[in-house]
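Working notes for the structure below.
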Amino acid sequence: MTKQMIKTIVVDDEPLARRGLRARLERHSDIQVLAECQNGLEAVSSISQHRPDLVFLDIQMPGLNGFQVIHKLRELKQPIPMIVFVTAYDSYAIKAFDVHALDYLLKPADDERLGAALDKVRDYTSTAHQDEQSQKLVSLVAELTGDDCEEILRKLANGEPVETNPYPDVLAIKDGSEVTRVNVQDIQWIDAAGDYMCVHALDGMHIMRKTMKELEQELNPQFFVRVHRSAIANIRFVKKLVSHISGEYHLILQNDTELKVSRSHRDKVKAAMKM
């Protein structure tokens, strides 16, 4: 009998991790890798386009993390495929996913663990089982956008309630193999430097690879306002708004940093300051 092909997408922001996982998957004759994605936004688009049976989904990624990808698919009313999470958070992931019967791979994935995950996927290829896993995913992680990934896993592992606040309390800023947790309330302003964002917080400046639009969507607009096409300010750190004879406006922060307010964002800044 001809094997049923399992259409698959690999999502990971690390090129070497993607290539390594794809090479291992191609050793399995019933796995058809349709696409690779390097971030959450690409993943949502590719999943919507290809309608895969299976997605290997990295948890910590720029733009949208793995949990937010599922949330976005649900928001767009797209069918949710079978998901195997890929994570480096071994301290919490093992217990969190074992308890909730969701499959996962720890980085770097080895052949034995991948084979076990694929065996489970093959057992779940019936529609009933796919629906069952989809419901578990939706109930567990579809709304989990209020914390960074490690905090979500810690709470799942310890049986703690997970808040559904759409705006995170912490930004997890990835730098190579390290992840720095920055309290959002400590961020004073953010400006763009090419393809990178400079996050100026009370403990210093942090560099992250994300677009200004993506960051603007993640941060609570009650406190964070776009002042220029390449700058966002935390209103809690604004000392005053100054108008110049030329008609230009500038925000002066508590540390005396001066940010120019563009004409197109002036009204929004005034409204945020309740002027």
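The values are calculated or read from the model by the stated rules, or taken from the named source; none is laboratory data. A quick note: this is a predicted structure, and the numbers were derived from the prediction, not measured. Glycine gets a Cβ as well: all are built from the backbone with ideal geometry, and neighbour counts include every protein chain shown. Just the protein is used for accessible areas: all its heavy atoms, side chains included, with ligands, DNA and RNA removed. Shrake-Rupley method; radii C 1.70, N 1.55, O 1.52, S 1.80 Å.
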From the cross-link list 72/107; 155/210; 120/174, the entries with a Cα-Cα span beyond 28 Å are 120/174
Please go through region 218-275 and write out the trypsin sites (Lys or Arg not before Pro) that DSSP classes as loop and that have at most 14 other C-beta atoms within 10 Å.
229, 274
In nm, to one decimal, how far is the modelled label at residue 158 from the one at residue 264, with both set 7 Å along Cα→Cβ?
4.4
Roughly speaking, to the nearest percent, how much of region 170-273's 1.4 Å accessible area is carbon and sulfur?
46
Calculate the dipole size of region 1-72 relative to its Cα centre from +1 charges on Lys and Arg beta carbons and -1 charges on Asp and Glu beta carbons; express the result in debye to the nearest 20.
220
Keeping all protein chains in place and using 1.4 angstrom, which order do 211, 257 fall into by accessible surface area, from largest down?
211, 257
Length added when fully stretched, residue 213-residue 167, from 0.36 nm per residue minus Cα-Cα
15.1 nm
